[in-house]
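Okay, structure first, notes after.
The values are calculated or read from the model by the stated rules, or taken from the named source; none is laboratory data. Keep in mind the model is a prediction, meaning the values are calculated, not measured. Here the Cβ is made from the backbone with ideal geometry for all residues, glycine too, and neighbour counts use every protein chain on show. The area values use the complete protein model at the heavy-atom level, side chains included, leaving out ligands, DNA and RNA. Shrake-Rupley method; radii C 1.70, N 1.55, O 1.52, S 1.80 Å.
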Amino acid sequence: MALPGRDSRRPALLAGDKGDAIVEEAARQLQEYFAGQRREFDLPLEPTGTPFQRRVWRELCAIGFGQTISYGRLAARIGKPTGSRAVGAANGRNPIGLIVPCHRVIGADGSLTGYGGGLQAKAWLIRHEADVRAAAGTACLVS
């Protein structure tokens, strides 16, 4: 059911003229990310969640581009060293995956675990970021 005066195809978070500008900016930044020209997103988004979920999501944004971290290590970073399952649950509730990079969280043994977009997508994103980092690190300037 659409709210009066609102386009039912657009999420409530992005309703109105300001939402249109945010969607356009998000599309631009996503294109740059996939082209290997952007490593982090700068969008005025405020996902709704519990204080714990928002804490986990903020920490996800602190994981470096092309880096991975285990659920347990992420839990320790937020002061909950025995909270890896809770971190995993919060990670799974991330409403703006990729922009809040939940794909960078892996199992303690290095395995790819859980991703709303599927494990193939998670593997591709991790590989994409590693390739972009490697290409940037091996750039050669010839004068």
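Evaluation of G66 against the conditions (1) in contact with a helix residue (DSSP H, G or I) (Cβ under 9 Å, 6 or more places away or on another chain); (2) open to solvent by 50 Å² or more (accessible area, probe 1.4 Å) shows that the sole unmet condition is (2).
Taking each residue of the range 84-96 that is assigned to a helix (DSSP H, G or I) and looking for partners that are of a type in the set (S, T, N, Q) and surrounded by fewer than 19 Cβ atoms within 10 Å (Cβ to Cβ) with beta-carbon atoms closer than 9 Å, six or more apart or interchain, yields S84/S70; G88/T113; A90/T50. Which one is modelled with the lowest pLDDT, of the residues in the range 127-143 that are open to solvent by 70 Å² or more (accessible area, probe 1.4 Å) and of a type in the set (V, I, T)? Here the residue is V142. Would you confirm whether any residue within the range 73-89 is closer than 17 Å to H128 by Cα and among the hydrophobic types (A, V, I, L, M, F, W, C)? Within the range 73-89, not a single residue is closer than 17 Å to H128 by Cα and among the hydrophobic types (A, V, I, L, M, F, W, C). Please determine whether any residue of the range 97-108 is of a type in the set (D, E, K, R) and either open to solvent by 40 Å² or more (accessible area, probe 1.4 Å) or in a loop (DSSP other than H, G, I, E, B) (or both). No, that holds for no residue. Within the range 41-62, being surrounded by 14 or more Cβ atoms within 10 Å (Cβ to Cβ) and free of Cβ contacts under 8 Å to residues at least 40 places away in the same chain holds for F52, R54, R55, V56, E59.
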